[in-house]
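Here is the structure we will look at, set down as structure tokens.
The values are calculated or read from the model by the stated rules, or taken from the named source; none is laboratory data. Note that the structure is a prediction, hence the values are computed from the model and not measured. Note that we place each Cβ from the backbone using ideal geometry, even for glycine, and neighbour counts take in every protein chain shown. Note: accessible area is taken over every heavy atom of the protein model, side chains too, but ligands, DNA and RNA are not part of it. Shrake-Rupley method; radii C 1.70, N 1.55, O 1.52, S 1.80 Å.
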Amino acid sequence: YGVDGELQKNSNMLALYKSKSTINLSTKLAGYIKEIYVNESDSITKGTPLVSIDDSEIKATIASLQTQLKAQQNDKALSQKIYQRNQKLYQIGGLSKEQLETSQIGVEMKSSIVDATKSKIEQLQNQLRYMQIVAPFDGKVDKIILHKGDLAMANKPIIAISSNDKEMTVSFATSLLKDIKLNQKVSVGNQE
């Protein structure tokens, strides 16, 4: 009899008990591994920092583009002042329509250059996120494939992790099929 007075039948079966999710994490961008923050077999929670890739080149490019952007914005502001002055000169007959339109086109070109530089900075700032690899779910570090100082290539595994959610696949003789019922409770050792 079982603990709560139910009749129990014990059968030995071969089972594979494994994580529901096991993944290899990699970077989208190549770079040298700056730091690995975990060890094999460490328990991790979603968002735990796992690996950082050297991002100094991207940060230097962003800084350079931000300096360029300031110069471009100053250039755009000057073009706008010239255009505004030209509008006044045109209204009193001191400037041809062609010269006015040329200064307007200059403002539009400067605006598009500023917008393009802002877009490049935004793209690079988005790329910075790929340089920090964090745990996508709660789980365990299975294997560290690359180490500090190694070159991490795009889409090549750096670290392998598995989730805390487990599943069991059981193999048994067909003669036991009559004893197994849908949604039947099973125990493994002392765990149900």
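Taking Lys148 as the anchor, which aspartates and glutamates have their alpha carbon closer than 15 Å to its alpha carbon, excluding any fewer than eight residues away along the same chain?
Glu35, Glu40, Asp54, Asp55
Collect residues whose amide H, placed 1.01 Å from N in the peptide plane, falls under 5 Å from the amide H of Val134; neighbours closer than 5 in sequence don't count.
For Val134, whose amide H was placed from the backbone, the distant partners under 5 Å are Leu50.
For the Cα atoms of the chain, what angle does the longest principal axis make with the long axis of helix 56-91, in degrees from 0 to 90, nearest 10?
Tilt of helix 56-91: around 30 degrees.
Considering amide H positions built from the backbone, and no H for Pro or chain starts, which residues 5 or more places from Asp42, or on another chain, come under 5 Å of its amide H?
Val141
Considering the options Leu29, Gln68, Pro49, tell which one lies farthest towards the positive end of the dipole of region 29-85, charges being +1 on Lys and Arg and -1 on Asp and Glu at the Cβ, about the Cα centre.
Gln68
In the Gaussian network model of the chain, springs joining C-alpha atoms below 10 Å, which of Leu146, Leu89, Leu176 carries the largest mean-square fluctuation?
Top of the fluctuation ranking is Leu176.
With +1 assigned to the C-beta of every Lys and Arg and -1 to the C-beta of every Asp and Glu, and no other charges, what is the dipole magnitude of the chain about the Cα centre in debye, to the nearest 20?
Charge dipole, the chain, about its Cα centre: 560 debye, nearest 20.
Going from most exposed to least, what order do Asp54, Asp165 have by accessible area with a 1.4 Å probe?
Asp165, Asp54
Contact order normalised by length for the chain, with contacts defined as Cα pairs under 8 Å and 6 or more residues apart; what percent is it? Provide the component values of the computation, followed by the final result.
Details: 272 pairs, mean separation 80.3, N = 192.
Relative contact order here is 42 percent.
Can you list residues whose amide H is under 5 Å from Ala152's amide H, if they're 5+ apart or on another chain and H is modeled 1.01 Å from N?
Long-range HN contacts for Ala152: Gly31, Tyr32, Ile33.
For region 71-185, what is the charge dipole size about the Cα centre, in debye to the nearest 20, if Lys and Arg each add +1 at the Cβ and Asp and Glu each add -1 at the Cβ? Before the final figure, lay out the partial values.
On the way: 17 positive and 12 negative charges, 35 e Å.
That gives region 71-185 a dipole magnitude of about 180 debye.
For mean projected area of the Cα convex hull in nm², pick the label among [x] 9.8; [y] 20.5; [z] 12.3 that corresponds to the value derived from the coordinates.
The listed entry that was calculated here is [y].
Would you tally the net charge around Lys118, using a Cβ to Cβ cut-off of less than 15 Å, leaving Lys118 out, and scoring K and R as +1, D and E as -1?
Computed value for this residue: +1.
In a shell of Cβ-Cβ distance under 12 Å around Tyr32, excluding Tyr32 itself, what net charge do Lys and Arg (+1) and Asp and Glu (-1) give?
-3
Using 7 Å Cα-to-Cβ label points, what is the Ser111/Arg85 separation (nm, one decimal)?
Inter-label distance under the simple model: 2.1 nm.
With springs only between Cα atoms under 10 Å, which of Ile113, Ile145, Ile105 fluctuates most in a Gaussian network model of the chain?
Judging by the Gaussian network model, the answer is Ile105.
Leaving out same-chain residues fewer than 8 places away, which lysines sit with a Cα under 26 Å from that of Lys81?
Lys70, Lys97, Lys110, Lys118
Within the set of other residues whose C-beta is less than 15 Å from the C-beta of Ser41, count the net charge using Lys and Arg as +1 and Asp and Glu as -1.
Its environment carries a net charge of -2.
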